[in-house]
Amino acid sequence: MQAYPPRLSGRPGGCLPDASEPPPRVRRPDPVDEREDRGDGNFRYRFETSNGIKTEKVGTPGSKGQSNMQGAFSFPFPEGGVAEFTYVADEFGYQPSSDLLPVPLPSPPTSTDSSRSPSSKGLRESPSRRNDSRRLPYLHRHRKNRKNHLCIT
């Protein structure tokens with residue numbers, strides 16, 4: 001497409017474009033919608049809009065009955081530039097990847113220093129009560145000054 005300067009009107013103050021000149025037409029690409037489903041758990045699709053949004057996905061049956069998928073999507077920013085993401089979704093969950101995603105902080109180093117354990121400071125660790133169902137709290141009502149109160153014991 002050839003760009004051309006607008007023809008200015010011959011009227012006084014001729015800085016307005018001539019109204020008889022049509023504005024240039026911008027051709028946008030046609031939307032894309034491709035789908036394929038084999039009926040056995042395998043599928044594929046691709047979709048693109050005229051404003052630059054794109055997505056594509058491929059799916060296969062997983063080893064544990066789930067659908068495994070991998071794909072990508074992108075969209076333009078209003079200020080310019082494009083956001084691009086890829087992902088895998090399988091028995092290990094959804095795992096996106098992009099330069100735009102925050103990077104997790106590194107894990108703190110684990111200490112094997114025995115001087116930090118409670119027993120090295122003369123403290124004893126209390127036994128776990130996780131499996132002791134007799135120690136679960138229960139709710140009961142009692143009357144005090146003719147009003148109902150709830151207590152957890």
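Things to note:
- Residue count for the range 83-99, restricted to those that are of a type in the set (D, E, K, R) and in a strand (DSSP E or B): 2
- From the options G81, G71, G93, residue that is out of contact with any helix residue (DSSP H, G or I) (no Cβ under 6 Å at 6 or more places or on another chain) and closer than 24 Å to G39 by Cβ: G71
- Which listed residue, of V88, V32, V103, V26, is surrounded by 10 or more Cβ atoms within 10 Å (Cβ to Cβ), aliphatic (A, V, I, L, M) and either modelled with pLDDT under 95 or in contact with a Pro (Cβ under 6 Å, 6 or more places away or on another chain) (or both): V32
- Residue within the range 39-61 that is assigned to a loop (DSSP other than H, G, I, E, B), of a type in the set (K, R) and more than 27 Å from P102 (Cβ to Cβ) present: no
- Filter result for the condition that a residue is modelled with pLDDT of 90 or more, out of contact with any strand residue (DSSP E or B) (no Cβ under 8 Å at 6 or more places or on another chain), loosely packed, with under 11 Cβ neighbours inside 10 Å and not in a strand (DSSP E or B), over G80, G13: G80
The values are calculated or read from the model by the stated rules, or taken from the named source; none is laboratory data. This one's a predicted model, so the numbers in the text were calculated from it and none came from an experiment. Here Cβ is always computed from backbone atoms with ideal geometry, including for glycine, and neighbour counts include all displayed protein chains.
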